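Heads up, the thing below is written out as C-alpha cells.
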Amino acid sequence: MAELVLVRGDITEQEVDAVVNAANSTLLGGGGVDGAIHRKGGPEILAACRELRATEYPDGLPTGKAVATSAGKLPARWVIHTVGPVYSAREDRSALLASCYRESLRVADELGARTVAFPAVSTGVYGWPMDDGARLAIETARAADTAVEQIRFVLFSADAYDTFAAHLR
Ligand code: APR
C-alpha cells in the first residue's frame with residue numbers, strides 16, 4: 001500500500017522518480033501541467049514524445065492510457081504522460097479517469113519508480129469537477145496494487161488541496 005501524500009505547489013518542482021503529465025492524445029504539448037512540464041523540462045521531452053508518435057503511438061495516446069519518457073531538466077527521472085477524459089455531464093467517463101491513475105502506476109512499476117507525483121488529472125482544461133476528480137484519484141490510488149512507495153498529489157491551488165484533503169480523511 002503506497003503512502004498517499006498531498007503537496008500544495010508546482011508539479012514541475014517535485015523531486016520524485018516520476019512526474020505524471022496531464023497530456024492530450026497528441027503528446028505534443030499544451031497548456032496547464034503539459035505546458036509547464038515541457039517548458040521546464042525542455043525539448044528533450046518533446047523529442048521523446050515525437051519518437052513515440054513515430055513508433056508506438058502513430059495515432060496518439062488513447063484516453064486513459066499512460067506512457068513514459070525521460071524528464072529532461074525536471075528534478076525527476078521520468079515523465080509519465082497520461083490522457084485524461086474531457087468531462088461530460090451526459091456520459092460517465094469515470095472509468096477512463098481512474099484508468100489514468102491505474103495505468104500511470106502500472107508504468108511506474110515497469111520503470112521501478114518508487115515515488116510518483118500526480119496532478120489532478122482532467123480537472124483543469126478538461127473541466128472535471130474537482131471534488132469528483134479528487135475522489136476518483138484517491139480511491140484509485142488506495143486500491144492500486146503497486147510497488148510505488150509514495151504517491152504524491154500535487155495541487156496547484158488551496159481549493160484543490162483542501163478538496164483532496166477532505167477525501168483523504
Ligand atoms: N502543477 C500542478 N498542478 C497544475 C499545474 C502545475 N504546474 N498547472 C496546472 N495545474 C492543475 C490545474 O489547476 C488542474 O487542477 O492541474 C490540473 C489539471 O489541469 P490541466 O493541466 O488543464 O490538465 P487537464 O484538465 O487534464 O487538461 C489536459 O490541457 O494543457 C492541456 O495539453 C493539455 O490538452 C491537454 C489538457
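Read-outs throughout are calculated quantities, based only on the coordinates presented, and are distinct from any laboratory measurement. This structure is a prediction, so every number in the text was calculated from the model and none was measured. We place every Cβ from the backbone using ideal geometry, glycine too, and count neighbours over all the protein chains shown.
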- Message: Please give me the summed charge of the neighbours of residue 3: other residues whose Cβ is under 12 Å from its Cβ, Lys and Arg +1, Asp and Glu -1.
- Response: +2
- Hey, if you put +1 on the Cβ of every Lys and Arg and -1 on every Asp and Glu Cβ in the chain, which of 81, 31, 147 ends up farthest toward the positive end of that dipole? 31
- Relative contact order for the chain, counting Cα pairs under 8 Å that sit 6 or more residues apart, in percent: 33 percent
- When the gyration tensor of region 89-169 is built from Cα positions, what are the square roots of 5 times its three eigenvalues, in whole Å, from largest to smallest? 21, 15, 11
- P(r) over all Cα-Cα pairs of region 88-130, 10 Å bins from 0 to the longest distance, whole percent per bin, short to long, reads 24, 48, 23, 5
- Note on the structure: In order over region 3-20: 3J(HN,Hα) from phi, Karplus 6.51/-1.76/1.60, θ = phi - 60°, whole Hz, x for each Gly or Pro, gives 6, 9, 10, 9, 10, 8, x, 9, 5, 6, 9, 7, 8, 9, 5, 9, 10, 8
- Message: Just the number: Rg to Rh for the chain, Cα atoms, Kirkwood Rh, two decimals.
- Response: 0.93
- Taking just the C-alpha trace of region 43-94, give me its Rg and Dmax in Å. 13.4, 40
